[in-house]
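First up is the structure itself, then whatever we jot down about it.
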Amino acid sequence: MAARGAKGGEGKLRRQYEAYPYPARDPRDEARRLITGSPSHLAELDHYVFAGRRDASRPFRVLVAGGGTGDATVMLAQQLGDAGGPAEIVHIDLSEASLAIAEARVKARRLSNVAFRRLSLLDLPGSGLGPFDYIDCCGVLHHLDDPAAGLAALAAVLAPRGGLGLMVYGALGRTGVYPAQAMLRALAGDDEGESAARVAVARRLLAQLPPTNWLKRNPFIADHLQGDDAGLYDLLLHSRDRAYTVPEVAALAAGAGLRVAAFVEPALYDPASYLTDPQILARLGRLPWLDRCAFAENLAGNLRKHVFYAIKADHPGPCVADAADEAAVPVWREAADSALAKAIRPGGALTANRDGVGLRFPLPPLAGAILARIDGHRSIAAIRAEVMAANPSLPEDAFAQQFAQTFAALNGIGKLFLRHPAG
């Protein structure tokens, strides 16, 4: 997403994204696919910000801050349009080129629920645009001169019970990026007037990296390998770029009067996803949640970005949907995810690969029967009644335990969420 800096540096950033709108998108592609992701997938944000209880019949105001070429805006506009409730999205960015691409993508889908403004997020307080029920700011804060000021500006226009979906770079998973940036500053300087020449120098250097170079050894950083200049420029030639650890993310949020509600995908921030030693897990179980998240980051070593949801520190909560509430309705992230139910065998496991780490989640015997009944309409209570009727010899508490284990596995890798009928 295109980013903005503090006032003194916004001109350089704007010129970068005028020359290299990011990510590179062609509005003609909207006819064949919808790009989805995190944060801000509608089912996901409802689960983590509104406890699955957002009333879709009420007006819903969304800000996409530094929306760039429009991935989050197009995804949310389409999903909210399909849901049919009254919704308004305001997409702001400083780059005219990026705004033009985002607007063309929305137009290609014949969506009418988005307004576009060329505006710095630093100018949001006092702009009259807020308050917003939800704010997306993905890949922006880490490019600002003062990320804390940027997040404070967003918090200033957030409704009291609203939330934010944010993404900042992860320090450990970007191993190799910052030494490469330093080399390119030495070789090519930082004069954006020589953008094409700087890209050419970067490509020549990349072709010569020895096998011991940390960027060369990090197979999960690939923007510079995709062939488009925008990705390479954003990764290696950006004028401002910093990365965060989990404790630094928490401190950034706290400085703006916010708190982290959830990291996405949750399993990546759970040490139990990587460890099996019961003594170590017992010790970890005594740590606060954020400390366990930080431990998992250090353990995995491959988190290239931190996607997280945040709410105001004084939010009365809860904001995350509760799998123990049997009135809630489980919903798949995408319709195609329901095919997982057919692949589950009694005593089987759910597996996933995340940037070189193979994760395995054992599933209970009832997992297949539970997942097969998830259709976006049945409540947990209705699923329990059907499963228990088909298995009358099971103890009364068997379903609750096995549903919790099954849901934790699927939610942990971002496949399953909850929606409450009250919403």
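Read the figures in this text as sums done on the coordinates, not as results from a lab. Remember, it's a predicted structure, so these values are computed and weren't measured experimentally. Positions of Cβ are backbone-derived with ideal geometry, glycine not excepted, and every protein chain shown enters the neighbour counts.
Straight-line reach from residue 312: taking Cα to Cα under 15 Å and skipping same-chain neighbours fewer than 8 places apart, the aspartates and glutamates in range are 133, 136.
Rounded to the nearest whole Hz, the Karplus-based 3J(HN,Hα) values (6.51 cos²θ - 1.76 cosθ + 1.60, θ = phi - 60°) of the stretch 196-206 follow the sequence 4, 5, 5, 4, 4, 4, 4, 5, 5, 5, 4, with x at glycine and proline.
Axis angle, to the nearest 10 degrees, between helix 380-390 and the longest C-alpha principal axis of the chain: 40 degrees.
Connecting C-alpha atoms closer than 10 Å in a GNM of the chain, tell me which of 121, 129, 184 has the biggest fluctuation. In this elastic network of the chain, the residue with the biggest mean-square fluctuation among 121, 129, 184 is 129. Around the amide H of residue 261, modelled in the peptide plane, lie the amide H atoms of 309, 310, 311, all under 5 Å away and 5 or more residues distant in sequence or on another chain. Normalised radius of gyration (Cα atoms, divided by 2.2 N^0.38 Å) for the stretch 173-236: 1.03. Straight Cα distances below 29 angstrom link residue 216 to the lysines 12, 305, with same-chain residues fewer than 8 positions distant left out.
Suppose R0 equals 30 Å. What FRET efficiency, 1/(1 + (r/R0)^6) with r the Cβ-Cβ distance, do residue 15 and residue 35 give to the nearest 0.05? Plugging the Cβ-Cβ distance into 1/(1 + (r/R0)^6) gives 0.70. Please report the spacing between the Cα centers of the stretch 30-109 and the stretch 354-423 in Å, no decimals. Comparing the Cα centres of the stretch 30-109 and the stretch 354-423, I get a distance of 29 Å.
Take 358-368, 334-344 and order them by the average number of nearby Cβ atoms within 10 Å per residue, most first; the result is 358-368, 334-344. Packing, as the average of other Cβ atoms within 10 Å across residues, places the peptides 37-45, 71-79 in the order 71-79, 37-45, highest first. Taking Cα extents along the principal axes in Å as calculated from this structure, the corresponding entry among (i) 58, 54, 48; (ii) 74, 51, 42; (iii) 71, 55, 36 is (ii).
Angle of helix 177-188 to the longest C-alpha principal axis of the chain, folded into 0 to 90 degrees and rounded to 10: 10°.
Once backbone amide H atoms are built at 1.01 Å from N, residue 418 has 331 as its partners under 5 Å, excluding neighbours fewer than 5 places away on the same chain.
To the nearest 20 debye, what is the magnitude of the charge dipole of the stretch 329-419 about its Cα centre, counting +1 on the Cβ of each Lys and Arg and -1 on the Cβ of each Asp and Glu?
On the way: 10 positive and 7 negative charges, 34 e Å.
That gives the stretch 329-419 a dipole magnitude of about 160 debye.
In this label model, residue 354 and residue 396 are separated by 3.7 nm, measuring between points 7 Å along each Cα→Cβ vector.
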